[in-house]
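Below you'll find the structure, written out as structure tokens, and then a few comments.
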Amino acid sequence: MEKRKSAIFIIIIMLIILAIALISYLKNNNSIDEETAKCIASKSRLYVSKTCSHCEQQKEILGNYSSYFKIIDCIDNNEECRINNIIGIPTWIINGKKDIGVKSLKELKSLADC
């Protein structure tokens, strides 16, 4: 019985350490300052759709900085999306290069060279 209590205690401690590590990773992976957000926004466009859950996730990642970004909805701007050959959403065009999928702020910073 004592061994079982020890094992449960060790598992709880490991879960706490894992949770702290995950929170730290997420915080570091998704934090940038306003100047960096403006830099990324100046070099990028984001193509989305109102019906896309991944697009909503991307907007949540942008958070308070989303107003700096040019976000084009392919339902409302079908022609622009066709001209830019947008075949999947969300799609980023950063420094003239197309990148499909949800990106962290850290990834966007790297892609934009900011």
Give the range 96-114 a look and list any residue that's free of Cβ contacts under 8 Å to residues at least 24 places away in the same chain and among the charged types (D, E, K, R), or say none.
97, 98, 99, 107
Might you let me know whether the range 53-75 holds any residue that is farther than 20 Å from residue 111 by Cα and of a type in the set (Ser, Thr, Tyr)?
yes
Breaking point among (1) in contact with a His (Cβ under 8 Å, 6 or more places away or on another chain); (2) not in a loop (DSSP other than H, G, I, E, B), for residue 89:
(2)
Can you find even one residue in the range 72-95 that is in contact with a Lys or Arg (Cβ under 9 Å, 6 or more places away or on another chain), touching a residue at least 12 places away in the same chain (Cβ under 8 Å) and over 12 Å from residue 47 (Cβ atoms)?
yes
Search the range 52-71 for residues being among the charged types (D, E, K, R) and touching a Leu at 6+ places or on another chain (Cβ under 9 Å), and hand back the single one that is farthest from residue 40 (Cα to Cα).
59
Which listed residue is hydroxyl-bearing (Ser, Thr, Tyr), at pLDDT below 95 and surrounded by fewer than 16 Cβ atoms within 10 Å (Cβ to Cβ), from 42, 67, 53, 6:
6
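The values are calculated or read from the model by the stated rules, or taken from the named source; none is laboratory data. Model, not experiment: these values are computed from the prediction. Every residue, glycine as well, gets a Cβ built from its backbone with ideal geometry; the counts of neighbours run over all protein chains shown.
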